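Each remark here refers to the structure printed beneath this line.
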Amino acid sequence: MFLVHDKEIDQSVIGCVYLHPSRALYPPSRPIHSPHMTGGEDVFKYKQCLILRTDLKLSCGKMCAQAAHASIGAFEKASLLDKKAWMREGQKKVALKAQGERALYELKATAEIQGLPVSLIIDAGYTEIPPGTVTALGIGPAKAELIDKVTGNLPLL
C-alpha cells in the first residue's frame with residue numbers, strides 16, 4: 001500500500017492517474033540522481049524529439065497541439081522495446097525548431113534511413129492554418145545517440 005494525500009492506494013494500481021477534485025495526482029516516481037547531471041544526457045539513454053516549424057507563427061496552444069500529435073504518432077511507430085525503455089526512464093522529450101516544410105521532410109527522410117520511428121504532422125486546417133499544412137515532426141522514442149545523429153544541430157524551441 002502507498003499513501004497518497006493520506007489515502008491508502010493499492011500498489012496494483014500504481015502507474016494509473018489518480019484524480020482528485022482539484023488536481024490530477026500521479027504516483028511518486030523514484031528520483032534520478034547523478035553527480036554530473038547537466039541536462040539528463042548521462043541519465044537518459046532514450047528520448048523523443050518534437051520538431052516544430054517556427055516560420056508558421058502558430059499560437060502557443062496550436063504549437064502544443066501539433067507537438068502532442070507528433071509525439072503520439074511517433075510513439076505508436078516505435079518498437080515495444082524502445083517504448084518500454086523510454087517509459088521506464090521518464091519519457092524525455094526535446095522540443096526543437098525547424099525553419100520550414102522542406103526542413104521537416106529532410107529530417108524525416110534522414111530519420112527513416114536511420115530506422116527511427118517518425119510521424120509527420122499535416123494539419124486538418126480547422127483553426128489557424130490552411131488544410132494540408134505540414135506543422136511538426138516527431139522522432140522516437142529511440143536511443144538518444146541515434147536521434148542525435150539526425151537532430152543534433154537543431155536549436156531548442
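I'm trying to understand the selection: among the residues of segment 120-155, which are in contact with a helix residue (DSSP H, G or I) (Cβ under 7 Å, 6 or more places away or on another chain), in a strand (DSSP E or B) and open to solvent by 10 Å² or more (accessible area, probe 1.4 Å)?
Once the filter is applied, which keeps residues that are in contact with a helix residue (DSSP H, G or I) (Cβ under 7 Å, 6 or more places away or on another chain), in a strand (DSSP E or B) and open to solvent by 10 Å² or more (accessible area, probe 1.4 Å), segment 120-155 yields Leu120, Ile121.
Residues are listed down the side, and each one gets a yes or a no for (1) closer than 15 Å to Tyr46 by Cβ; (2) hydrophobic (A, V, I, L, M, F, W, C):
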{"position": "Lys84", "(1), (2)": "yes, no"}
{"position": "Glu89", "(1), (2)": "yes, no"}
{"position": "Lys93", "(1), (2)": "yes, no"}
{"position": "Gly100", "(1), (2)": "no, no"}
{"position": "Tyr105", "(1), (2)": "no, no"}
{"position": "Val118", "(1), (2)": "no, yes"}
{"position": "Pro130", "(1), (2)": "no, no"}
{"position": "Ala136", "(1), (2)": "no, yes"}
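How many residues are outside any helix (DSSP H, G or I), under 21 Å from Leu156 (Cβ atoms), open to solvent by less than 20 Å² (accessible area, probe 1.4 Å) and of a type outside the set (Val, Ile, Thr) when one looks only at segment 98-119?
Qualifying residue count, segment 98-119: 4.
If I go through segment 84-97 residue by residue, how many of them are assigned to a helix (DSSP H, G or I) and buried (at least 19 other Cβ atoms within 10 Å of the Cβ)?
1
The values are calculated or read from the model by the stated rules, or taken from the named source; none is laboratory data. In this text, all values refer to a predicted model and were calculated from it rather than measured experimentally. Glycine gets a Cβ as well: all are built from the backbone with ideal geometry, and neighbour counts include every protein chain shown. For the accessible areas, the whole protein counts, side chains as well, though only heavy atoms, and no ligand, DNA or RNA atoms are used. Shrake-Rupley method; radii C 1.70, N 1.55, O 1.52, S 1.80 Å.
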